[in-house]
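The values are calculated or read from the model by the stated rules, or taken from the named source; none is laboratory data. This structure is a prediction, so every number in the text was calculated from the model and none was measured. Quick reminder, even Gly has a Cβ in these numbers, built from the backbone with ideal geometry, and neighbours come from all protein chains shown. Keep in mind that these areas ignore ligands, DNA and RNA; they rest on the heavy atoms of the full protein, side chains included. Shrake-Rupley method; radii C 1.70, N 1.55, O 1.52, S 1.80 Å.
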Amino acid sequence: LSIDQLIRQNSQGGLTFNDFLVLPGYINFIPNEVSLDTKITRNIKLKAPFMSSPMDTVTEDQMAIYMALLGGIGIIHHNCTPEAQAEMVRRVKRYENGFITDPVVFGVNNTIGEVLKIKKDRGFSGIPVTDNGKLNGKLLGIVSSRDVQFRKDPSTPVSEVMTRENLVTAPKGIDLEGANEILKKSKKGKLPVIDGEGRLVALLSLTDLMKNQDFPNASKSPESKQLMVGAAIGTREDDKVRCTLLVEAGCDVIVIDSSQGNSKFQIDMIKWIKATHPKVDVIAGNVVTREQTANLIAAGADGLRIGMGSGSACITQEVMACGRPLATAIAQVAEFANKFGVPTIADGGIQNVGHMVKSLALGAHAVMMGSLLAGTTESPGESYVRDGQRYKSYRGMGSIAAMEGTGVNENASTGRYFSENDAVRVAQGVSGLVVEKGSLTRFLPYLHTGLLHAFQDIGVKSIPELHKSVVSGETRFEIRSSAAIREGDIQGFATYEKRLY
Ligand code: XMP
């Protein structure tokens, strides 16, 4: 079937990913020849079509840093004060591979007991001591576990034991190679980086240097060469102040976060951002119909998020009756948006590489992931052990826990669902646990490689080529019966080990 026959002439209603397959094409290249270069807005290009959701169990600064290092982009959630969100954006922008730009810093009155606690809880010592106990304070010394090992009294202040003399430091602006040289010669574990006035600006650690990876796909702003980052806002009047703080912090793209984007509030917000901050791109949404899309594009949206109620933690379709199966939503919205050069992002319900391939084949330019990333080391929050398995929290931003501000984050999230004035809360999401899956530095390359192979099977070498091939009818689709879906799954085993990566 062509995309028209599959989606637009299909009289059976909306389709989702499991309803169909892509038919294979002709292979005359190896997977490494495939490029996943894409655009997520009119102006923002990435080397991989991966975005992380603005949710408080998914994207804070750590997630955004690693998403950008690995070729995608993270969208920092707004269930926090505007200042806290802007600070997270700044941390991503400050990040330099190999340098710790947000180190633990002590003041002279911190104690030996605290050094030992950090060593025990977080596995490192070698803590810089500054006059105000913070980054950007004047560097006075450095305290390591060696300085405290023979001291019995844990209340002894670090000022009595820290190394003050012959501190080896590096000047601000030094590159990794130069810093590496100094660190090797000094035979120390940590190298503080200081500015002209002796203020601490970063720290370099020998152990980090040794496991330092190269990130050839990193998403960097073309001018500043800093990592790219996005941040979400709502559509209330005070979100304008938030937006300005985020833009001042260096945010590359603003995402207007709403489950139903076709509103006067959002249209006014897009127009305001475009008039006030013309250099920053705006991703609007969410949308699932052409009519919604038309309004947001007319208002000036540079990119669009597609999806309503299809997310893994979402119950919007059940509770509100509104929504649309994601595959149909993508095909309808992307066809329309592509005519105006506005890239689209499939959001909610992406559970595996196959869903990503289908999203891209239906016309999307990127995918946004919530639950798939909530179990990684880089998501916010600690992991829990239950029955020998490690878990992390994941919750919809319309869950009661998120709206009331209980659990992992004590701020109340109400803007996404226009629920700030409700006397009674109506949940549009659930809250729970997902299995911990280790670092994004392993998981994203797994997704990336999976996509390269899928593109090879389809016989296309890039996302634009895939889009063209679908529109021309060369790449075709086929509906799956429920028996066919069962055939595509694992069959006939008594037991098996399901290892995905
Ligand atoms: P996945 O399936 O990747 O979905 O976990 C992430 C996306 O889900 C949306 N989202 C919600 N939708 N109720 C909803 O109906 C909620 O409480 C909720 N929280 C997040 C959002 O689009 C996100 O990117």
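Here are a few things to note about the model shown:
- One residue stands out among those in region 425-462 that are under 27 Å from residue 308 (Cβ atoms) and among the small types (Gly, Ala, Ser): the one that is surrounded by the fewest Cβ atoms within 10 Å (Cβ to Cβ), which is 432.
- Extreme residue, most open to solvent (accessible area, probe 1.4 Å), among residues of region 463-501 that are more than 15 Å from residue 20 (Cβ to Cβ) and touching a Phe, Trp or Tyr at 6+ places or on another chain (Cβ under 8 Å): 500
- Residues in region 257-293 that are of a type in the set (Asp, Glu), open to solvent by 10 Å² or more (accessible area, probe 1.4 Å) and not in a helix (DSSP H, G or I): there are none.
- Of the criteria (1) at pLDDT below 90; (2) more than 23 Å from residue 90 (Cα to Cα), which one residue 156 fails: (1)
- Residue match in region 298-320 (condition: in a helix (DSSP H, G or I), more than 9 Å from the ligand (Cβ to nearest atom) and aliphatic (A, V, I, L, M)): yes
- Across region 337-346, not a single residue is classified as farther than 24 Å from residue 231 by Cβ, surrounded by fewer than 22 Cβ atoms within 10 Å (Cβ to Cβ) and within 16 Å of the ligand (Cβ to nearest atom).
- Scanning region 360-390 for residues that are within 15 Å of the ligand (Cβ to nearest atom) and more than 17 Å from residue 306 (Cα to Cα) gives 372, 373, 374, 375, 376, 379, 380.
- Remark: residue 345 falls outside the filter, which requires a residue to be in a helix (DSSP H, G or I) and at pLDDT 95 or above.
- The numbered conditions (1) open to solvent by 40 Å² or more (accessible area, probe 1.4 Å); (2) farther than 19 Å from residue 64 by Cβ; (3) within 20 Å of the chain's Cα centre (by Cα) are all true for residue 398 except (1).
- Within region 331-353, residues that are touching a residue at least 24 places away in the same chain (Cβ under 8 Å) have Cβ atoms under 7 Å from residues that are among the basic types (Lys, Arg) and within 16 Å of the ligand (Cβ to nearest atom) in these pairs: 345/305; 347/305, counting only partners at least 6 apart in sequence or on another chain.
- Matching residues, region 32-87, being under 17 Å from residue 377 (Cβ atoms) and in a helix (DSSP H, G or I): 61, 62, 63, 64, 65, 66, 67, 68, 69
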